[in-house]
Amino acid sequence: MRQVGKGNNLLMDKFAKIITAFLFVLIVSVISGCRDSKQYNTRSFYEMGTIVNITLGSKNDNIINELNRKMKSWEKEVSRFAEKVNNAKSGQSIPVPGIIYNLLQKAEYYKKQSNKKFDITIATISSLYGFPKGPFRIPDNETIQNKSDDVGFSNLVFDKTSLSKKTQLKIDMGAYAKGYIVDKGIEFLKSEGIKSAMINAGGDLYALGNKKNRKWHIAIKNPDNKTKFLSIIALKNKAVATSGNYERFFEKNGKRYTHIFDSTTLQTANNYKSISVIADTVERSDGLATVYYLMDINKIKELCKKEKTPVLVYTLKSKKIKLCGWQGYEISD
């Protein structure tokens, strides 16, 4: 079995991920404009399972430190809640703190938009394969079927104060919670009077304002060639995020098992190499990138038009498909 992402050797894998993410950020920084380096400062932290890079004007160390503290706190709030839910017994009441109620509402929204293909309770099944951390394995059909009735967002009962579950399900809000935390970070920067900044959490990023006298230039990674990009876009007060099959997966007997699962089939999805989405918030970019990944191309065309979100699809045959106005954000490389 070939394991990629978080496998048996977690320490070496984490180091490799950190180095890869850091190098990608260096590339993005170069694209954003080397001549501005004296006026902008980038600080990097390991949060939310990835490298988080905060770029803003120099002499803002205190603001960056406070933002890092806040993002750590929000991440802990999300991860602790998910852990409590996953370890709780059916019918047990669990307090719903702070930002969690909004995240649960978002989960319901994405489930509806995806025609139930996206469901945070699919973690009940994906965990049987070892996701997200490994070691990875292939569960037998009987094991999957025994847990199939536990899956379903309708098995969660919640309001602004508490949540309980009807079955022994598990949840994972990672498909959009990281983006939500980045958005909260941007709101904090705005409250501090910052008008130009970029937060990049492993490729899920928001570009605030302009960088000096032009928009931020962002490179979209090419899964087939680390030295090239699928697209270079210019953003101002916009977000972009990518979902794909090339970072968290394992292979066995020639089949690729990705971390993205379709809750209507209870099967791993390997539909595209990557899907990138531009939106007004990172949470929407993040969540819709996963939703689109679970759809066929015609459904993506319909929904991105409705959601008004430009999309870059990179197919399994390495073909680029630009939808809903993606070209309008591209710049020549």
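Some observations on this one:
- Selection status of Ala241, open to solvent by less than 10 Å² (accessible area, probe 1.4 Å), modelled with pLDDT of 95 or more, more than 22 Å from Ile125 (Cβ to Cβ) and not in a helix (DSSP H, G or I): yes
- Given (1) under 30 Å from Asp204 (Cα atoms); (2) in contact with a strand residue (DSSP E or B) (Cβ under 9 Å, 6 or more places away or on another chain); (3) of a type outside the set (Ser, Thr, Tyr); (4) surrounded by fewer than 17 Cβ atoms within 10 Å (Cβ to Cβ), number of the condition Lys166 does not satisfy: (1)
- In the range 280-333, the residues that are out of contact with any Lys or Arg (no Cβ under 8 Å at 6 or more places or on another chain), among the hydrophobic types (A, V, I, L, M, F, W, C) and free of Cβ contacts under 8 Å to residues at least 40 places away in the same chain: Ile297, Ile300, Cys304, Ile321
- Answer residue from the range 244-267, given it is of a type in the set (S, T, N, Q) and under 17 Å from the mean Cα position of the chain (by Cα) and is modelled with the lowest pLDDT among those: Asn245
- Residues in the range 53-107 that are of a type in the set (S, T, N, Q) and within 21 Å of Leu156 (Cβ to Cβ) were compared, and the one that is nearest to the chain's Cα centre (by Cα) is Ser79.
- Exactly one residue out of Asn210, Asn155, Asn141, Asn200 is without any contact (Cβ under 8 Å) to a residue 24 or more places away in the chain and not aromatic (Phe, Trp, Tyr), and it is Asn141.
- Among the criteria (1) modelled with pLDDT of 95 or more; (2) in contact with a Phe, Trp or Tyr (Cβ under 7 Å, 6 or more places away or on another chain), the one Ser114 does not fulfil is (2).
- Taken together, Lys76, Lys70, Lys59 contain a single residue that is under 15 Å from Ser196 (Cβ atoms) and charged (D, E, K, R), which is Lys59.
- Put simply, of Ile63, Ile99, Ile125, Ile94 the only residue that is of a type in the set (Val, Ile, Thr) and either closer than 30 Å to Asp296 by Cα or surrounded by 21 or more Cβ atoms within 10 Å (Cβ to Cβ) (or both) is Ile125.
- Residue that is within 23 Å of Val282 (Cβ to Cβ) and in contact with a strand residue (DSSP E or B) (Cβ under 7 Å, 6 or more places away or on another chain), where the choices are Lys117, Lys190: Lys117
- Against the numbered list (1) open to solvent by 10 Å² or more (accessible area, probe 1.4 Å); (2) over 24 Å from Val78 (Cα atoms); (3) touching a strand residue (DSSP E or B) at 6+ places or on another chain (Cβ under 7 Å); (4) not hydroxyl-bearing (Ser, Thr, Tyr), Ala219 comes up short only at (1).
- Filtering Ser285, Ser274, Ser231 for residues that are open to solvent by less than 10 Å² (accessible area, probe 1.4 Å), in contact with a Ser or Thr (Cβ under 7 Å, 6 or more places away or on another chain) and modelled with pLDDT of 95 or more leaves a single hit, Ser274.
- Test: residue in the range 133-150 that is modelled with pLDDT under 95, surrounded by 15 or more Cβ atoms within 10 Å (Cβ to Cβ) and under 20 Å from Asn253 (Cα atoms): yes
The values are calculated or read from the model by the stated rules, or taken from the named source; none is laboratory data. Nothing here was measured: the structure is a model prediction, and the numbers come from that model. Backbone-built Cβ (ideal geometry, glycine too); neighbour counts: all protein chains shown. Accessible surface is based on the protein model in full, side chains and every heavy atom, while ligands, DNA and RNA are left aside. Shrake-Rupley method; radii C 1.70, N 1.55, O 1.52, S 1.80 Å.
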